[in-house]
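Heads up, the thing below is written out as structure tokens.
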Amino acid sequence: MPFTEAKEHAPGRLHTIFAEPYAAFDNEVPERLLHLRIAVKELLGTPMVDHRLTLRVIHGWENGGFEVADLAHSDHLIDSLEAFAEVTERYRLAFEAGAPLPRDTVSLLAHPLAQAIAAAEASGEGLDNDTRTLPSRWPAFPQGLILYTLFKVYHRLTYGEDDAYRSIRLSTSDGECEVHEFHLEEGEFAVISPPEGEQATSVLVLHESQLAPVLQLLEECPLGT
């Protein structure tokens, strides 16, 4: 299994700021709100100002379901809180009108999964139905561990998680990246960011139900440099 593709609980840029980042956001920590503001500014402030921040809103999974074909999303370039608020309002209006939520044509999991399976079979690997369809079996073929790791991120962002913070490192075809995942009273979201010192695009990922809470959180955090 290609475990070099992804590693959960891997040190990331917040480990250079906090002595114990996994405990920094616990409710019992008196300075947790300060820690949260520092983390949000570190992960989102510069990318937003530099027009390198994408807001990825996921939806489609409900009632415990997790079929990869059902996971939908829309991506939006966010260079200000006003732009974030516009996306939030667009989703609110669609929800209240019973209209389809915004949805990009490119799939987050279904298409890359099909590509990875096709590549594995083209190289001579025989994959049974369970390996094709069960997320926990995807690490058996190249790129499968990355997809399984992202599947778990999207699943936790949809259905919740007990751990307040989680740090993940991915090694993709586009290079290394870090995933910083937060499950807090203020909101649940993840930030996919390049390693410290690199200038690639960062992605703020959240479930559509978290748009308003996370917008409020960002409004309360000084993001300017």
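Based on the Cβ-Cβ distance from Asp75 to Leu134, what FRET efficiency comes out when R0 is 22 Å, to the nearest 0.05?
After rounding, the FRET efficiency stands at 0.20.
Multiply the residue gap between Tyr22 and Asp104 by 0.36 nm, knock off their C-alpha separation, and tell me the result in nm, one decimal place. Please report the intermediate quantities before stating the final value.
Details: separation 82, 0.36 × 82 = 29.52 nm, distance 3.34 nm.
Length difference between fully extended and current span is 26.2 nm.
Arrange the following residues from fewest to most other Cβ atoms within 10 Å of their Cβ: Ile17, Ile146, Ile38. Don't skip to the end; give the middle numbers.
Details: Ile17 13, Ile146 20, Ile38 16.
Starting with the residue having the fewest Cβ neighbours, the order is Ile17, Ile38, Ile146.
In Å and on Cα atoms, what radius of gyration and Dmax does the stretch 34-149 show?
Cα radius of gyration and Dmax of the stretch 34-149 are 18.1, 53 Å respectively.
For the stretch 157-225, what Kirkwood radius comes out of the mean inverse Cα-Cα distance, in Å?
So the Kirkwood estimate lands at 13.1 Å.
Given that just one value was derived from the coordinates, which of (1) 19.5, 60; (2) 17.7, 56; (3) 23.4, 83 is Rg and Dmax of the Cα atoms in Å?
Derived directly from the coordinates: (2).
Averaging over all projection directions, find the projected area of the Cα convex hull of the stretch 92-215 and quote it in nm² with one decimal place.
Working: hull surface 38.6 nm².
If I average the Cα hull's projected area over directions, I get 9.6 nm².
At 7 Å along Cα-to-Cβ for each site, give me the label-to-label distance between Arg90 and Ala118 in nm.
Reported label-point gap for Arg90 and Ala118 is 2.9 nm.
For the stretch 58-130 and the stretch 158-204, write down the distance between their C-alpha centroids in whole Å.
Taking the Cα centre of each part, the stretch 58-130 and the stretch 158-204 sit 17 Å apart.
All of the numbers you see were taken from the coordinates with simple rules; none came from a lab. Predicted, not measured: the structure shown is a model, and the values here were computed from it. Quick reminder, even Gly has a Cβ in these numbers, built from the backbone with ideal geometry, and neighbours come from all protein chains shown.
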